[in-house]
Amino acid sequence: MKISSMLKIPYIFLAGALLLCGCATDLMTGKSTMAFIPNNQIISSASTQYAQVLNKSKVVKGTPEAEMLSKVGWKLVKAAEKWVAAKGSPNHFKDYKWAFTLIEDKNINAWAMPGGQIAFYTGILGVTQNEAGIAVVMGHEIAHAILNHGQQRMSAGLLQQAGMAGASLALSGTGMSKTAQDLSMTAFGVGSNVFGTLPFSRKHEDEADLLGLILMAVAGYDPNEAPKFWERMNALSGGSSSGPAWLSTHPSHKDRIKNLKDSIPKAQQTAAGFGV
């Protein structure tokens, strides 16, 4: 059955409405960015998920490592407060729920929830090695939270879903076989990921690296420690990467190290502006 073009129009309006009604200002670039879901709703949901993870994990408390994690986290939050105030957004953190938790786990990993609830696995401490190394990773994770990257990724997902729904409706009215339609939708999904979602995620990683460097410097840490940390990570991986950079949500270790080294002067200049 042929679908009337009138039935396809709502999906065009849906995508347009999302773009017109769901925008916020990116603190890094000053440009508009996608924000289709209110941040306070995302943070509330993230807090629930964070608590669930901690309930299922072996949380480390009271050790020198756990205390250092908290110390570094709050130093970087103070630096972040200075930075967002200088950007003209002093109330940026009103819904945030900062937390810095160490979890007993051999995996080399750390992550941040929207709203600033952060977890480190003990496995990464062997790579951070010292307080400045922790600041490298912590600054990166705090930067993701500050820049609302979770909100932006969720918004991008909604936009992609709207696009796929519209494409599915459009294809159903072409008379193509079901097999041909399925192949076309698969191609659409791959294309939107490679040319949309993946570069979007890599942009977030680059932004978090730069802002993490700035926060480190403003907090009094040496940003030169950042490329050193990633050199250690690169050594652990044997200098290999998981695949082509254009098929990854993260830059390669070598690209990241180069970008960090290039960004150090900007981080130091910004810190100097705060009297550090």
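Using a 1.4 angstrom probe on the protein heavy atoms only, line up K78, K94 by accessible area, largest first.
K94, K78
Based on Cα positions only, what radius of gyration and what Dmax would you give for region 41-136, in angstroms?
Rg and Dmax of region 41-136, Cα atoms, are 14.0, 41 Å.
Check cross-link reach from K75 to the aspartates and glutamates: straight Cα distance under 13 Å, and skip same-chain residues fewer than eight apart.
Excluding near neighbours in sequence, the set is E67, E131.
Do any of K82/K261; K71/K203; K61/K228; K106/K228; K78/K228; K228/K261 go past 18 Å between their Cα atoms, and which?
K82/K261; K71/K203; K61/K228; K106/K228; K78/K228
Please give the contour-minus-distance gain from E104 to D262: 0.36 nm per residue of separation, less the Cα-Cα distance, rounded to one decimal in nm.
53.4 nm
Name the chymotrypsin sites (Phe, Trp or Tyr not before Pro) in region 83-125 that are in a loop by DSSP and that have at most 10 other C-beta atoms within 10 Å, would you?
Answer by residue number: there is no such site.
The values are calculated or read from the model by the stated rules, or taken from the named source; none is laboratory data. Just so it is clear, the model here is predicted, and its values are computed rather than measured. Methodologically, a virtual Cβ is constructed for each residue, glycine included, from the backbone with ideal geometry; neighbour enumeration extends over all protein chains shown. Calculation scope for accessible area: heavy atoms of the full protein, side chains included, ligands and nucleic acids excluded. Shrake-Rupley method; radii C 1.70, N 1.55, O 1.52, S 1.80 Å.
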